[in-house]
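J.: Questions regarding the structure given below will be posed in turn.
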Amino acid sequence: MIRVLIVDDEDLSRYALRKMFSLLLPNCLIVGEAENGKEAERLALELDVSLILMDIRMPIVDGLEASRAILEKNPNINIIITSAHDDFSYAQKAVNMGLSGYLLKPIREKDFLSLLTSVLFKIENNNSINQNKKRPSLLCNQSENTTFNINVNISSSKIIESIYKSIRIGDIQDLDNNVKYLFLIWEKEYKNIISLKEVVLEFVIHTRKEFGTFNDITDSINVLDTVNAFSYSEDLFKWLKDFINKYSNRIQYESKDIISRVKKYVMESDPSKITLEIVADAMHISPPYLSRIFKNLSGIGFVDFLTQVRMEQAKILLASTNHSVNEIGKMLGYSDPGYFSKIFKEFTGVTPGNYRRMNGKV
């Protein structure tokens with residue numbers, strides 16, 4: 001197991017990190033905790049740790065100073081800096097010092113998983129290579145905001161875009177061809193299996209960020225262990241192809257289920273309080289992704305669907321209640337009466353007042 005040291009002067013922050021490791025990365029063993037940088041320097045060497053999560057602002061000795069001292073004594077320790085302050089200079093200093101990353105508090109689960117999965121892969125590979133007395137290779141480069149970039153050229157970047165498009169629409173033939181082409185490019189660019197595994201893992205991480213995670217397909221530990229176990233590029237390619245196909249199938253299945261749940265949610269909610277952002281949050285997906293899959297699978301944009309629902313409810317209210325047109329418009333989320341009347345006429349062909357008279361209400 002990978003030995004971890006948590007360093008933070010706040011009890012709650014240390015507790016939160018312990019919970020994240022316990023739930024998301026159970027293959028890590030937290031062997032110690034420290035409340036300041038000086039204590040961290042001592043424990044890092046005494047406990048023989050491979051990974052440290054280090055807060056920046058602490059009493060006695062701050063996180064950056066402690067990290068510098070620790071790395072001077074043992075440069076193989078991986079240190080991730082955490083901070084409640086969104087200060088670019090901190091991230092820049094962390095990168096310049098050769099640290100493994102920077103996490104902004106409160107730490108989001110997806111950021112934690114993305115960074116830690118890559119760092120753990122690096123540690124596992126280095127451990128494996130060291131055992132065979134080979135020189136370790138680096139995993140990847142990090143940008144200043146700790147988002148991992150797939151180190152690919154322009155042509156492979158375009159292929160990745162095509163792969164993601166095929167995943168969204170479920171085009172299996174195009175998907176297979178593009179995955180095969182992408183892997184051929186990678187084989188030419190990355191000359192050994194270690195480098196290939198690294199870029200494949202980065203691709204998996206990027207794909208999870210793009211589409212979300214499914215525990216049975218993208219579980220961090222399973223993916224890490226599986227990719228790390230391959231010795232031949234042919235086997236790695238077969239696994240990647242199977243992974244992408246499973247991902248595409250699940251995306252199609254989940255997307256259809258999401259659309260059904262979205263429609264039900266909209267129909268059962270207060271129409272004046274419904275927005276794309278609110279519905280996306282309720283579905284635990286991003287607004288752009290919801291907008292895209294809704295249009296692709298239902299043939300109509302989310303805003304147009306919401307307008308349809310509102311107009312159908314407007315027809316019912318106009319025909320069955322004595323509320324004024326202005327009141328009905330506000331009930332349905334239209335603060336401007338003129339705009340409500342315009343939309344209603346575009347939808348039905350008549351004004352709200354005329355519709356009401358046609359249905360026997362004066």
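J.: Tell me, which helices (runs of 4 or more DSSP H) wholly within the stretch 232-331 include 2 or more residues that are within 30 Å of S195 (Cα to Cα)?
T.: Working: elements: 233-268, 276-283, 287-298, 302-320, 325-331.
By residue number, 233-268.
J.: Something else about it: Pairs needed: first member in the stretch 257-285, more than 12 Å from L306 (Cα to Cα) and modelled with pLDDT under 90; second member anywhere, among the small types (G, A, S) and not in a helix (DSSP H, G or I); C-beta distance under 7 Å; at least 6 residues apart or different chains.
T.: Correct list of pairs: A280/S286; I285/G212.
J.: Contact list please: Cβ distance under 6 Å, first residue in the stretch 321-345 and free of Cβ contacts under 8 Å to residues at least 40 places away in the same chain, second residue surrounded by 13 or more Cβ atoms within 10 Å (Cβ to Cβ) and of a type in the set (V, I, T), pairs at least six apart or on different chains.
T.: Filtered contacts from the stretch 321-345: S341/T351; K345/T351.
Rundown of residues vs (1) over 22 Å from L113 (Cβ atoms); (2) in contact with a helix residue (DSSP H, G or I) (Cβ under 7 Å, 6 or more places away or on another chain); (3) not in a helix (DSSP H, G or I), yes/no style:
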position: S13; (1), (2), (3): no, no, no
position: K19; (1), (2), (3): no, no, no
position: L23; (1), (2), (3): no, no, no
position: A40; (1), (2), (3): yes, yes, no
position: L43; (1), (2), (3): yes, no, no
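J.: With the requirement that a residue be under 16 Å from I169 (Cβ atoms) and touching a Leu at 6+ places or on another chain (Cβ under 8 Å), what does the stretch 291-308 give you?
T.: Step one: of the stretch 291-308, the residues under 16 Å from I169 (Cβ atoms) are 291-299.
Passing the criteria: only S291.
The values are calculated or read from the model by the stated rules, or taken from the named source; none is laboratory data. Small disclaimer: the values here were computed from a predicted structure and weren't measured. FYI the Cβ positions are ideal-geometry reconstructions off the backbone, even for glycines, and counts take in every protein chain you see.
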